[in-house]
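Contents: one structure, followed by commentary.
The values are calculated or read from the model by the stated rules, or taken from the named source; none is laboratory data. Nothing here was measured: the structure is a model prediction, and the numbers come from that model. Here the Cβ positions follow ideal geometry from the backbone for every residue, glycine too, while neighbour counts run over all protein chains shown.
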Amino acid sequence: MTVHQLSRRDARRLAVRAQLLTSERPAGLFEVVEGLNVLQLDQTAHVAPNADLVAWSRLGSSYDVSELADALATQELLELRGFVRLPQSLALFRAEMAEWPASRRPDGKLLDDQVYRRDWVQANEGCRLDILERLRQDGPLLMRDLPDTCVVPWASTGWTNNRNVSQLLEFMMQRGEVAIAGRDGRDRLWDLASRVYPDEPLVPVEKARQIRDEQRLRSMGILRAKGPACPGEPLDGGVAGEPAVVDGVRGEWRVDPELLGRPFSGRTALLSPLDRLVYDRKRMTELFEFDYQLEMYKPVANRKWGYFALPILHGDRLVGKVDATSDRKAGVFRVDAIHEDAPFPRSLGTAVHRELRDLAQWLDLELVVMM
């Protein structure tokens, strides 16, 4: 098989093009979700919730946040494992759900944490049946409206300790019994999966994983065959696509050959720190040579770029960060700093300020630049 030889610039352009961040913007939200494969849901709204900010980065001010909320409410888009997905993609998870718990060691035995989860669900079979019956009669419902009849509390050293219903719902979702049917504000609405997921034939587990790997690689352009662990959606391409090497970067990559050799016309964009283009920090560093960390969990004195600094994409390069805050009470979008990795030429500075004005307009806030 041919091993594709790429420069770093080739690899970056492949990644940017696959992530719909060129000058040719997608037509609407559904084209964004189809092209990106997933939209990660995260409620941190220091600037805007992640899924909305990612959609804005692709669509610009034409994007209305009500589009995503409405699509989830009508189940034209679905939520699974913390990500927004197209409904037809759910058929690629159902067979795996039926085998829950499926994480096993090389010898075929369940991992210890999976044994604990399986046994805990079995011990609370009565509560599981109570929840299913309540949803069957009255669903969709919020979690607080569901009964907690667990006989064995969920034990954890973390924040989930004694959160019996939330943990049971999570495992029941992984088993394919219940599904998120929409949201009431930030709260999930739960219902029977049979009422939410499309009634389509299940795709066998191995075939489904292969298709999901291919879709993920197509949305990212270039990935390692094996990447860092990531809950909900992997960061690697498995054996999808074809092998490639990148000049100046060790190891082998996987690329979608259909994306190679296409013309590239870049633009300037402000990204969410959770944007899939930069989410895998190792890949970001190897391909873009960009120094970045999300600093929201650092003490203020230890932050270099800000609580929720937005990476700046210009063409096929990541060139800086914007420290900005949406202050809804004051009605302003406040920019405290623009960190330039190298001094911006006038044209780039102008482009960044134009994006900031567009972002403030989309947020319906007054732009205030503090520098």
Quiz item: Within region 3-26, can one find any residue that is touching a Lys or Arg at 6+ places or on another chain (Cβ under 8 Å), basic (Lys, Arg), buried (at least 21 other Cβ atoms within 10 Å of the Cβ) and at pLDDT 95 or above?
Solution: yes
Self-check item: Counted residues, region 181-195 - those being at pLDDT below 95 and closer than 15 Å to residue 76 by Cα
Solution: 2
Quiz prompt | Qualifying residue in region 96-106 (condition: within 29 Å of residue 213 (Cβ to Cβ), out of contact with any Gly (no Cβ under 8 Å at 6 or more places or on another chain), surrounded by 15 or more Cβ atoms within 10 Å (Cβ to Cβ) and not β-branched (Val, Ile, Thr)) | solution = yes
Practice problem: Hey, can you tell me all the residues within region 173-182 that are under 17 Å from residue 84 (Cβ atoms) and either without any contact (Cβ under 8 Å) to a residue 12 or more places away in the chain or out of contact with any helix residue (DSSP H, G or I) (no Cβ under 6 Å at 6 or more places or on another chain) (or both)? | Solution: 173, 180
Practice problem: Would you confirm whether any residue within region 106-115 is part of a helix (DSSP H, G or I), farther than 30 Å from residue 354 by Cα and in contact with a Phe, Trp or Tyr (Cβ under 7 Å, 6 or more places away or on another chain)? | Solution: no
Practice problem: Working only within region 286-298, note down all residues that are part of a loop (DSSP other than H, G, I, E, B) and among the acidic types (Asp, Glu). | Solution: 289, 291, 295
Exercise. Any chance you could count how many residues in region 306-344 are assigned to a loop (DSSP other than H, G, I, E, B) and more than 19 Å from residue 287 (Cα to Cα)?
Key: 10
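Select from region 134-157 the residues that are closer than 19 Å to residue 115 by Cβ and exposed (fewer than 12 other Cβ atoms within 10 Å of the Cβ) and write down the one among them that is modelled with the lowest pLDDT. Lay out the reasoning, then the answer.
Taking region 134-157 as the starting set, the residues that turn out to be closer than 19 Å to residue 115 by Cβ are 150-157.
This time we only want the ones that are exposed (fewer than 12 other Cβ atoms within 10 Å of the Cβ), so: 151, 155-157.
Numbers: 151: 95, 155: 85, 156: 76, 157: 67.
Ranking the candidates gives 157 first.
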Self-check item: Filter result (assigned to a helix (DSSP H, G or I) and of a type in the set (Gly, Ala, Ser)) within region 1-58
Solution: 11, 15, 18, 35, 51, 55, 57
Exercise. Confirm whether residue 331 is surrounded by 19 or more Cβ atoms within 10 Å (Cβ to Cβ) and out of contact with any helix residue (DSSP H, G or I) (no Cβ under 7 Å at 6 or more places or on another chain).
Key: no
Quiz prompt | Members of region 123-166 that are assigned to a loop (DSSP other than H, G, I, E, B), farther than 25 Å from residue 186 by Cβ and touching a residue at least 12 places away in the same chain (Cβ under 8 Å) | solution = 124, 149, 151, 152
Quiz item: Could you say whether any residue in region 67-86 is touching a residue at least 24 places away in the same chain (Cβ under 8 Å), surrounded by 15 or more Cβ atoms within 10 Å (Cβ to Cβ) and closer than 26 Å to residue 354 by Cα?
Solution: yes
